[in-house]
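Reading through the structure tokens given below for one structure.
The values are calculated or read from the model by the stated rules, or taken from the named source; none is laboratory data. Remember, it's a predicted structure, so these values are computed and weren't measured experimentally. Cβ sites come from the backbone with ideal geometry, for glycine too, and all protein chains shown count toward neighbours.
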């Protein structure tokens with residue numbers, strides 16, 4: 001898989017994740033998306049509230065098969081996003097505000113795609129020795 005093919009695949013994943021989050025996240029709580037990447041326990045100011053982004057969620061790292069890489073990762077990634085929705089749904093019970101931002105990187109990966117208006121990024125790492133991998137991460141806090 002070339003890096004260009006990986007970028008296209010990740011953009012397709014980002015669109016699927018965006019649709020899935022929009023359709024399944026609980027309604028009612030205000031959602032705020034901070035575009036700038038940040039680290040765990042970072043603070044985002046929303047009006048007069050300071051929200052600590054203390055929850056870092058990450059999918060298991062999924063190996064990308066050489067044959068049909070998109071299909072080898074699509075369903076496991078959707079299942080992982082469903083777990084994110086479940087976790088956020090539990091965390092946001094009786095809360096009024098959900099703030100998300102993409103986590104910052106210590107070592108920038110080969111390719112990244114961002115989920116529209118939500119603090120999730122999808123990462124592909126290329127490794128000649130161990131193969132190619134994909135994972136998704138989200139940093140969030142509730143108040």
**Asked** Taking the range 67-86 as the search range and keeping residues that are touching a strand residue (DSSP E or B) at 6+ places or on another chain (Cβ under 6 Å) and farther than 14 Å from residue 18 by Cα, which one is modelled with the highest pLDDT?
**Response** 76
**Request:** Please find, among 6, 23, the residue that is at pLDDT below 90, farther than 27 Å from residue 126 by Cα, part of a helix (DSSP H, G or I) and more than 14 Å from the chain's Cα centre (by Cα).
**Result:** 23
**Request:** Could you tell me whether residue 40 is part of a loop (DSSP other than H, G, I, E, B) and at pLDDT 90 or above?
**Result:** yes
